[in-house]
Amino acid sequence: MAAGTNTAPAEGFVRFESVQKSYDGIALVVKDLNLSIGKGEFLTMLGPSGSGKTTCLLMLAGFETATHGDILLGGRPINNIPPHKRGIGMVFQNYALFPHMSVAENLAFPLEVRSIDKDERENKVRRALEMVQMGGFEGRRPSQLSGGQQQRIALARALVFEPDLVLMDEPLGALDKQLREHMQFEIKHLHERLGVTVVYVTHDQTEALTMSDRVAVFDDGIIQQLAPPDQLYEAPENSFVAQFIGENNTLTGIVEAINGDLATVRLDSGDRFQALPVNVNAVGDRTRVSIRPERVETDSRRLPAGAHRISAEVLEFIYMGDVFRTRLKVAGNEEFIVKTRNAPDQTRQVPGSTIEIGWLPEDCRALDA
Amino acid sequence: MRALLLIAPLLIFVLVTFVSPIVDMLFRSVENGIVTEILPHSTSALKDWNSERDELPGEAVFRGLYVDMVIAVKRRQHTRVGSRLNYEAAGIASVFRKTGRSLRKVDVDAFVRHFTDLHPDWENRAFWEGVFSDPAAAGVLPNSSRTFDAWSQDFAKPEDPVPEDFVYVALAGELRGLDASDLSGFGQPYAGMLAEAARTIGRLDEISLKQEFLQLDSEWSAATLWKTIKIFSPPLTEAYFLNAVDMKKGIEGVERKSEAERIYLVIFGRTFVMSVTITLACIFLGYPVAYFLARLPLRKANLFLILVLLPFWTSLLVRTSAWKVLLQQEGVINDILVAVGIVDDSARLVMINNQFGTIVAMTHILLPFMILPLFSVMKTIPPDFVRAAKSLGADAFTAFRRVYFPQSLPGIGAGSVLVFILAIGYYITPELVGGIKGTFISNRIAYHISTSLNWGLAAALGTLLLMAVLLLYWVYDRIVGIDNVKLG
Ligand SMILES: Nc1ncnc2c1ncn2[C@@H]1O[C@H](COP(=O)(O)OP(=O)(O)OP(=O)(O)O)[C@@H](O)[C@H]1O
Ligand SMILES: [Mg+2]
């Protein structure tokens, strides 16, 4: 296979170097993309609709050309290699199973065009089907399969010719929630077993967090943050990422002082407290402070020393089973959410009452406004 | 039920404008009532005539013929039956015309006198009315009853005192061979009077109407003429269909027509081959266009689609005539070829008034019917399929051949059915640019409808065409599957 070089360094198996893309020659859909994907890595591109994820994938697969910059695979630029010589497996959102071919013919297609002889072909097809637990479905037409089954076949077809790199563009988008979670697990499992490099596109953050080694959060053609899931969630580097990944409370204000590890923020409501300065540079900058709902303590007795205390008005209490979700009005923000675990000693807040809540400075991230 | 009522206007419209003409056509292609209708007495008398032996029919037939001819001439129908029989054996039309003109010369006084001499009542119209209003009349003397009714209802003036001669001839003809016991069903005095007339009817045997007719036109002695009348006297006939496949119902039964007369099978074959050629030409020209259109962004594609449809904005005649201008020997294309020097001025290409001209013009006219279904099918093939094929390692051509093309087949299927069926029944263009060698079966049909007025043959040809299309449709369904045809 053209692209299958084992000599390439584990780091930088796929590299985007200052890649730009414009469809119309005016608006840049991808702006100066730099990304390095390691061999065997599971990297997810996550971002809102229209942020350029598919475009990146198509450039990598060879269906779109980069307007500017280089894409390297195994250390070699592939800008001039046509798609069919790149040896990249791809799973499409609508599966793109060939409707006029049976399942077996679909799977044999990549092997046939590679002139692999019949016996080996049949072997590989059978093994690929077993791999996705679809043995026995050889003779079916794609239209005779359920969504989940089609998905598996699409997966098997992208893997049957043993590519080093597999691209998946929202492969689970069309499935219902339960099946999606099941397939997430299976794809992850396959990835671990086969050791292929996967570039995965989704706009479902849970999917991104549960499956990936690293997640690249896209917005407006720019990677906002590239990090492992836990870092992404716990240490978002800017307010877009903080907003986009998980639930988040934001309080807006200005930086009054930065001393070492902590910054003092004065909220628009006048409250002052300390937060980690992540994405603020100078005193006087406007900032959004982000606090995760589960890091807020509503029981003042349990607040550790050093916590910032503030009074809040309970607006709404929602019982969600495993957690309680309380909407508060804090420092003028009426959308302040707190999540508490459903434990025996947990209080159920009464709407209308005023309580004292608090958080630790380490849990507050002062980000760009 | 209410739904049925809602669609009722449309249903009725479809029935009236679509189904009923087809049914009428099917009926006309076998219908042959005209001979028995106009020549009832002759044809019923001919039943007893053995056409195997080469002798003329007996006197009874000629008496019937006389009665039939008199009535037909009065009704001006004798030329119609003449033309009808002329389709089967040329020359019959003139025999009927000629005979009709001079029928007055036939002397049948003897028949009248046979009755009036017996009893004066036979000169009394009221008496005749009495005979034929008798309940037994219709059963025992059906032909005479019919003749008398025809006379009294259609031809007699109220003041006419006696029936016309032919009524006497009809009665005389029918009484021949009957005796008193046959006539006993009549009331008196009719039974007695009729029996008396029947008993002495043998006297009339000396009179030969046969001779009279032979004098009017010697053709009446031709056995083929009588055989033709006999063969075509049943009310339904397969003759039109035989004719339509270059066969005929000869004296010895069904046989092929002579070499020089065979035309329809050749034209059917030509229609078929040319329609297939046109369909293939449309596929070859239309596929790339549709492919190109389907890949354009929708707005541009719509613009080009208008260009594809543009020909529909001009009259068919204009478009066809334009091809004449282009293709004729002094036409634009030949001029250019000569000017460039590819073709010598003395050897200008003949591209019109032949099959080539028809194929070119019809391909042009029918092309949109190929492009539109192809386009709408191709539009529904997501680009992901070809991308998937390429990502799986197929080069552009393989991806097209193995993935795109098979999925566009329903469009080819729909377009082909449409173009082929339109082509096989096309009329105007072959008429205008087809010359002699490039005409279709529909041109023959039109000829028989408007020029030769042989509607039965036109209907038979039309029915065969319809059958051929249905058969092809069935074969097509078998091979391709009509489910695989997508119009959009
Ligand atoms: N073929 C194209 N021609 C012109 N513009 C395009 C084309 N494909 C995509 N775009 C534009 O490029 C931008 C990025 O599109 P892209 O498909 O990469 O987004 P995405 O991140 O995959 O979104 P989604 O999550 O909805 O799939 C969008 O604004 C889109 O309108
Ligand atoms: Mg996308």
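The values are calculated or read from the model by the stated rules, or taken from the named source; none is laboratory data. Everything quoted here is computed from the prediction, not taken from an experiment. Virtual Cβ from ideal backbone geometry, glycine too; neighbours counted across all protein chains shown.
Of the residues B:424, B:336, which single one is under 37 Å from the mean Cα position of the chain (by Cα) and aliphatic (A, V, I, L, M)?
Going through B:424, B:336 in turn, the sole match is B:424.
What do you reckon, is residue A:271 acidic (Asp, Glu) and at pLDDT below 90?
Answer is yes for this residue.
If residue A:168 passes every condition in (1) away from ligand 1 (no atom under 16 Å from the Cβ); (2) crowded, with 17+ Cβ neighbours inside 10 Å; (3) within 14 Å of chain B (Cβ to nearest Cβ); (4) not in a helix (DSSP H, G or I) but one, which one does it miss?
Unmet for residue A:168, out of (1) away from ligand 1 (no atom under 16 Å from the Cβ); (2) crowded, with 17+ Cβ neighbours inside 10 Å; (3) within 14 Å of chain B (Cβ to nearest Cβ); (4) not in a helix (DSSP H, G or I): (1).
Confirm whether residue B:471 is in a helix (DSSP H, G or I) and not β-branched (Val, Ile, Thr).
Criteria met by residue B:471.
Give me a count of the residues in region A:65-95 that are within 15 Å of ligand 1 (Cβ to nearest atom), more than 12 Å from residue A:167 (Cα to Cα) and at the interface with chain B (Cβ under 10 Å from one of its Cβ atoms).
Result for region A:65-95: 1.
Please go through region A:337-369 and give me each residue that is among the aliphatic types (A, V, I, L, M) and at pLDDT below 90, ordered by number.
A:343, A:369
Which one of the conditions (1) farther than 30 Å from residue A:166 by Cα; (2) within 14 Å of another protein chain (Cβ to nearest Cβ); (3) in a loop (DSSP other than H, G, I, E, B); (4) not basic (Lys, Arg) does residue B:409 fail to meet, given that it meets all the rest?
That leaves (3) as the condition not met.
Only one of these is at pLDDT 90 or above, assigned to a helix (DSSP H, G or I) and within 16 Å of ligand 1 (Cβ to nearest atom): A:218, A:240. Name it.
Among A:218, A:240, only A:240 is at pLDDT 90 or above, assigned to a helix (DSSP H, G or I) and within 16 Å of ligand 1 (Cβ to nearest atom).
Filter region B:192-231 down to the residues that are in contact (Cβ under 8 Å) with a residue 24 or more places away in the chain and touching a Ser or Thr at 6+ places or on another chain (Cβ under 6 Å), then identify the one that is farthest from residue B:126 (Cα to Cα).
For region B:192-231, the residue satisfying everything is B:227.
For region A:77-97, enumerate the residues that are free of Cβ contacts under 8 Å to residues at least 60 places away in the same chain and more than 25 Å from the chain's Cα centre (by Cα).
A:77, A:79, A:80, A:82, A:83, A:84
Within region A:187-215, how many residues turn out to be among the small types (Gly, Ala, Ser) and within 13 Å of ligand 1 (Cβ to nearest atom)?
The total comes to 1.
Scan region A:54-64 residue by residue and report those that are within 12 Å of ligand 2 (Cβ to nearest atom) and either more than 13 Å from chain B (Cβ to nearest Cβ) or small (Gly, Ala, Ser) (or both).
A:55, A:56
Can we say residue A:179 is away from every other protein chain (no Cβ under 14 Å) and in a loop (DSSP other than H, G, I, E, B)?
Considered against the rule, which asks whether it is away from every other protein chain (no Cβ under 14 Å) and in a loop (DSSP other than H, G, I, E, B), residue A:179 comes out as no.
To keep it simple, each residue is scored yes or no on (1) in contact with a strand residue (DSSP E or B) (Cβ under 6 Å, 6 or more places away or on another chain); (2) modelled with pLDDT of 90 or more; (3) closer than 24 Å to residue A:202 by Cβ.
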site: A:30; (1), (2), (3): yes, yes, yes
site: A:35; (1), (2), (3): yes, yes, yes
site: A:39; (1), (2), (3): yes, yes, yes
site: A:47; (1), (2), (3): yes, yes, yes
site: A:58; (1), (2), (3): no, yes, yes
site: A:79; (1), (2), (3): no, no, no
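Just one of B:362, B:370, B:378 is touching a Phe, Trp or Tyr at 6+ places or on another chain (Cβ under 9 Å), away from chain A (no Cβ under 14 Å) and within 30 Å of residue A:111 (Cβ to Cβ); which is it?
B:378
Output the number of residues of region A:182-208 satisfying the condition of being within 16 Å of ligand 2 (Cβ to nearest atom) and either within 14 Å of another protein chain (Cβ to nearest Cβ) or among the hydrophobic types (A, V, I, L, M, F, W, C) (or both).
Going through region A:182-208 one residue at a time, the tally reaches 3.
Is region A:166-174 home to any residue that is within 29 Å of residue A:229 (Cβ to Cβ), without any contact (Cβ under 8 Å) to a residue 24 or more places away in the chain and under 30 Å from the mean Cα position of the chain (by Cα)?
no
Identify, by number, the condition in (1) more than 17 Å from residue A:15 (Cβ to Cβ); (2) more than 12 Å from chain B (Cβ to nearest Cβ); (3) away from ligand 2 (no atom under 16 Å from the Cβ) that residue A:51 doesn't meet.
Here residue A:51 clears every test but (3).
With respect to the numbered conditions (1) within 13 Å of another protein chain (Cβ to nearest Cβ); (2) surrounded by 18 or more Cβ atoms within 10 Å (Cβ to Cβ); (3) among the basic types (Lys, Arg), which one is the sole condition not fulfilled by residue A:114?
(2)
Determine which member of the set B:212, B:129, B:174, B:219 is part of a helix (DSSP H, G or I), at pLDDT 85 or above and surrounded by fewer than 16 Cβ atoms within 10 Å (Cβ to Cβ).
B:129
Can you name the number of the only condition in (1) farther than 30 Å from residue A:269 by Cβ; (2) away from every other protein chain (no Cβ under 14 Å); (3) away from ligand 2 (no atom under 16 Å from the Cβ); (4) surrounded by fewer than 19 Cβ atoms within 10 Å (Cβ to Cβ) that residue A:246 fails?
Exception for residue A:246: condition (1).
Run residue A:350 past the list (1) outside any strand (DSSP E or B); (2) β-branched (Val, Ile, Thr); (3) in contact with a Ser or Thr (Cβ under 8 Å, 6 or more places away or on another chain) and report the number of the one that doesn't hold.
(3)
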